[in-house]
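Just below is one structure, and these are the notes that go with it.
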Amino acid sequence: MLKVEGLACCYGKIVAVRELAIEVNQGELVSLIGANGAGKTTTLKAISGLITPTAGRISFLGHDITRASARRILELGIAHCPEGRRIFPDMSVRENLEMGSYLRADKAEVAADMERLFARFPILSQRARQAAGTLSGGEQQMLAIARTLMSRPQLALFDEPSLGLAPNLVERTFEIIKEIRRAGTTVVMVEQNAFAALELSDRAYVLEGGRVRLTGRGADLLANPHVQSAYLGA
């Protein structure tokens, strides 16, 4: 479904990602783990068109999207839920969800999808007319996830979905991501909680210094001595 080959990304003279290669099969939940600065977020930004790689190739469902615009990539079926939620704080909850579907022309289906998401996230339904910036951190994360789903993506990219959330909300967030995957959406997730990410994942990549250091099934990486020492506190 998604193939990244020889990816390199720079911020000025700083090389954030180099010679990176990952693959994601349809229906999988794949995680990227690693320390801060390992290149995880940069990789997601390159896939979703928020930054342009300096080298390498990214293909999605047979389309070369290496230098495609973010709009084109969203049209093809990749939606990005960024780190820090990035909701529109002065717009209402409903307006934020409408922004998630702005490329869709099927108005009746958009309305039906919104009602389904309101049923999945009742708190958003209760606060539909409320300014999104007045929601709690957990509510804002639910809104960010729901807005991502409003585009009906085939591939959803989640960047640090549990960041800054209370423990009970972290568990709920991961349950939602599992539900999204079970419903048929392929997921790539960057997550600071390496243990939870590996438990959830079919496969995972460990990034270090902008490169892939290790890859394998989530369960296998949980048992890997390097992963245990570097990321699991074992």
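Would you kindly state how much longer the chain becomes between LYS3 and ALA70 on full extension, computed as 0.36 nm times their sequence separation minus their alpha carbon distance, in nm to one decimal?
Value of the extension gain: 22.4 nm.
Share of antiparallel DSSP beta bridges in the chain, in percent to the nearest 5?
In the chain, approximately 55 percent of DSSP beta bridges are antiparallel ones.
Kindly write out, for segment 54-63 in residue order, the coupling ³J(HN,Hα) from the Karplus curve 6.51 cos²θ - 1.76 cosθ + 1.60 (θ = phi - 60°), rounded to whole Hz, with x marking Gly and Pro.
Ordered by residue, 3J(HN,Hα) equals 8, 7, x, 9, 10, 10, 9, 6, x, 9 Hz.
Please compute the net charge surrounding VAL93, taking Lys and Arg as +1 and Asp and Glu as -1 over other residues with Cβ under 14 Å from its Cβ.
+1
Considering only the other residues whose Cβ falls under 11 Å of the Cβ of GLY218, what net charge follows from Lys and Arg at +1 and Asp and Glu at -1?
-2
Under a cut-off of 27 Å between alpha-carbon atoms, report the lysines in cross-link reach of LYS45, not counting same-chain residues fewer than 8 places apart.
Result set, ordered by chain and number: LYS3, LYS13, LYS178.
Read the figures in this text as sums done on the coordinates, not as results from a lab. On a predicted model such as this, the values are computed, not experimentally measured, just so you know. Here the Cβ is made from the backbone with ideal geometry for all residues, glycine too, and neighbour counts use every protein chain on show.
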